[in-house]
Each structure stands twice: as C-alpha cells, then as structure tokens.
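Worksheet: the structure to be examined is printed underneath.
The values are calculated or read from the model by the stated rules, or taken from the named source; none is laboratory data. Quick caveat: nothing in here was measured; it's all calculated off a predicted structure. No Cβ is skipped: glycine too gets one built from the backbone with ideal geometry, and neighbour counts run over all protein chains shown.
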Amino acid sequence: MKSKTDKPSSRREFLKTASLSAGVVAAGAVIETGSVKAEGLPKENKNAGYTESDHVKKYYELARI
Amino acid sequence: MRGLDVAEPAVVSEEELSRARLYRLLSRILGAPADAALLEFLKKLEGDETTLGQALGALSEVAGRVTLEEAGREFHDLFIGVTQGELLPFASHYLTGFLNEKPLAELREEMNNLGISRSNDSSDPEDHIASLCEIMHGMIIGEYGASYSLQEQRNFFFNHVGNWAVKFFDDLEAARAATLFMPVGLLGRMFFKIEEEAFSIAA
C-alpha cells in the first residue's frame, strides 16, 4: 500500500508527463454541451411524478412554434 | 460533498481538468456528426511530441482537410448506416456480442446509484461510448451536483467503459470508412491507456 503522501504527487506527475496538460486541450475548454449529456437529478425527486429535465423544457419550447 | 444540490464544477486540479476535457472532446466527436464549430476547434488543436500529442496533431491535420459534408458522411458510414454503421460503439456489443444486454442493465443500475440520468432525447441506449465519456467528464468536474472521488471514477471506468473501449478505438482506427476518425481512434486508445495506468497509481 502506498503512503498517502506518495499517491497525489505520483498521479499528478504521471498525468503531467502523459501530456494531458498540454495547452492543447486546455485551450479547448470552449467545447459546448455535447449531444449526449447526462445530468444528475436529485435523488429525492426520483419518485416525484414528473421532473422537468432540460429536454422536456426544450420540447415545450419547440411545441410553441 | 455528496448531497449538495449546487451544480457548480468542483475545484479540480489542472491535470484532472485535462482528463475531463479529453473525455468531453471524445464525447462530442463520437456523439454526433461534427458541426462547423467543432471542426474549427479541431483544426486549432496542437500536439507536442508525446504519443497523445501526436494523435491530437494528426486529428487537427485531418480536420483541416475534410469538409463538413465529408465529416458527416463519414460519421454516418461509421455509426449509422442503413440499419447499422460499420461499428457499434456500445458496451453491450463489445462485451457480449449483442446490443441491449447485461452491460447496459448494469450501467443503468450504476447510473441510478450515482444519481445520473440521460437528459437528451437520443434513442441510443446509454452504453454508447459518447455517453460514457460524457459521464466520466461529469464525474471529474462534479457536474452532477456532487463530487465523485477517484475511487468512484475508477470503479465506473473499469466496470463500464475501460473494460471495452480500447478494443473499440482499435476498431475505429482500422475502420474502412475512417478518415477523420482514424486519429480519433488513436487518441481514444492512447488516452484510455493513460487513464488505466493513472488509476492504478492512485489505487
């Protein structure tokens, strides 16, 4: 078992050398919401009769046309 | 942090954020045909001399060569087809040979436990590679109103996506219809191998 002090820096160091932090993808933070979006619904509402998630709101928006 | 209903991104390190962005990038490319904005974005990618960097550089280069129409056709040939595309990017397919199988059921159960649900109106089952990448992204940045530990991310990764995705990316890179998606396959494979290794360091 690695000591607690070893873990964070090892992982961070590894990810750094693996080039994930190259300015590259950092510049790409502007990618907007993808077409497949998973969203979290509060667990408490799960049994509520009806939850207005984003796509439902969108449907109502479009239905007004 | 679980139970907070604040949906702002958790404070994560730059390295973890980079992982999230790569997952988001993969999710966008694999989830729908590229729009003009995405193609423009891909053209601006720059890679360094690392393997991952080279994959990004290759992706950028090909993105500069294809038209929007060509990219759309390629996406269609790869993933949609008449009844199906050249590839079936679903966990169930890669793990059992059939669609809508136990891996999908297990994924739905896990999503339920994690408090995550599909919000788009796609008719695709949830075990689509793009959807799974989107979930990884959300777990890293705390998009679902909760902070997911590395252990939780690791479990999700190995149980639902890391256990089949490299094979998919191999197939993608080798696919007949792949031009833009060839470097996507390489990128995915390299990134997922890094993820695998990084998770074992943290274990």
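Inside region B:168-203, can you point out the residues that are of a type in the set (Val, Ile, Thr) and more than 18 Å from A:PHE14 (Cβ to Cβ)?
Hits for region B:168-203 are B:THR179, B:VAL184.
Which one of B:PHE199, B:PHE156, B:PHE192 is at pLDDT below 95, buried (at least 18 other Cβ atoms within 10 Å of the Cβ) and over 18 Å from B:PHE79 (Cα atoms)?
Only one candidate passes the filter, namely B:PHE199.
Counting residues that are more than 18 Å from B:SER27 (Cα to Cα), which helices (runs of 4 or more DSSP H) fully inside region B:93-203 reach at least 3?
Filter on region B:93-203 gives B:102-114, B:150-156, B:181-202.
For (1) at pLDDT 90 or above; (2) under 16 Å from B:LYS193 (Cα atoms), each residue gets a yes or a no:
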residue	(1), (2)
B:ASN120	no, no
B:SER123	no, no
B:HIS128	yes, no
B:GLU152	yes, no
B:ASN163	yes, yes
B:LYS167	yes, yes
B:LEU172	yes, yes
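How do the pairs read when you match residues in region B:105-118 that are at the interface with chain A (Cβ under 7 Å from one of its Cβ atoms) and buried (at least 18 other Cβ atoms within 10 Å of the Cβ) with residues anywhere that are among the basic types (Lys, Arg) and assigned to a helix (DSSP H, G or I), using Cβ under 9 Å and keeping only pairs 6 or more apart or on different chains?
Filtered contacts from region B:105-118: B:GLY115/A:LYS43; B:GLY115/A:LYS46.
Which residues, counting only those in region B:37-64, are assigned to a loop (DSSP other than H, G, I, E, B) and either touching a Ser or Thr at 6+ places or on another chain (Cβ under 8 Å) or closer than 20 Å to B:ARG19 by Cβ (or both)?
B:LYS44, B:LEU45, B:GLU46, B:GLY47, B:ASP48, B:THR50
Among the residues that make up region B:31-46, is at least one of them more than 14 Å from chain A (Cβ to nearest Cβ), in contact (Cβ under 8 Å) with a residue 12 or more places away in the chain and over 23 Å from B:SER131 (Cβ atoms)?
No - not one qualifying residue is present in region B:31-46.
Within region B:63-77, is there a residue that is modelled with pLDDT of 90 or more, facing chain A (nearest Cβ under 9 Å) and within 30 Å of B:PRO125 (Cβ to Cβ)?
no
Just checking, how many residues over region B:148-198 are farther than 19 Å from B:GLU110 by Cα, within 12 Å of chain A (Cβ to nearest Cβ) and among the hydrophobic types (A, V, I, L, M, F, W, C)?
6
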